[in-house]
1. Name the strands (runs of 3 or more DSSP E) wholly inside the range 154-205 in which the number of residues that are not hydrophobic (A, V, I, L, M, F, W, C) is 2 or more.
2. Can you say whether ILE162 is touching a Phe, Trp or Tyr at 6+ places or on another chain (Cβ under 7 Å) and either at negative phi or surrounded by 10 or more Cβ atoms within 10 Å (Cβ to Cβ) (or both), as far as the supplied structure shows?
Amino acid sequence: MGNFFLWIFLSIIGYFIAKKWLFRAQPHSIRIYAVVFSISALGLAVTTHPTTKPTTHYLVKKVKADNFSSNKATNESLNAEKSSLQKQADQLKEQVSSAEEESEAIASSKEAQSSKAAAEAKAQAEAEAESSSIAQAKAQEQRQSTTKINQGDLNTATTGRIVGNARSKIYHVPGQAGYNMNSANTVFFNSEQEAIAAGYRRAKR
């Protein structure tokens, strides 16, 4: 491109030189010579000028070593922080799992204790019911025995001794007709004199 402008410049200079020194010629002829010279110079410039290609510029960005080291250190710090957070998360997960297991164990223990307490209460209630039933049976038996006594559970003929009735103040001797009386009212004497002295009288039969 620079050669092209150089040839144009030289052609113009040649035109003015020819115009100055070739004064004898007609002006029209001088113009013709100048144009011919310029065209020749232009053709020479065009034919001799090499074809140029557009220049490609490459931008090379250089990274400084200190920036690389800083980025590397930052990356390592982030990785370490990430690892620490992951470790804390794992620990929290283990603590939650341990707390859940402990809660389940406590609930199971409480359930077992509750079942044991219920079983003990049931056994105690059954024992108390059985004891009450036995006591009621004994009381019934005692009432029946008392009723039997009150109805006359003792026959004077079977004792073989002098038997007095504390309520009626009558005594019976062996050999007399038997008399049913309550044993609670029975008084035994060693002789009739003892019975008479105590205020008893002998039965007529």
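1. Where strands (runs of 3 or more DSSP E) fall fully within the range 154-205 and carry at least 2 residues being not hydrophobic (A, V, I, L, M, F, W, C), they are 162-165, 170-172.
2. yes
Read-outs throughout are calculated quantities, based only on the coordinates presented, and are distinct from any laboratory measurement. Here the structure is a predicted model, which is why all the values come from computation and not from measurement. So basically every Cβ, Gly included, is an ideal-geometry build from the backbone, and we count neighbours across all protein chains shown.
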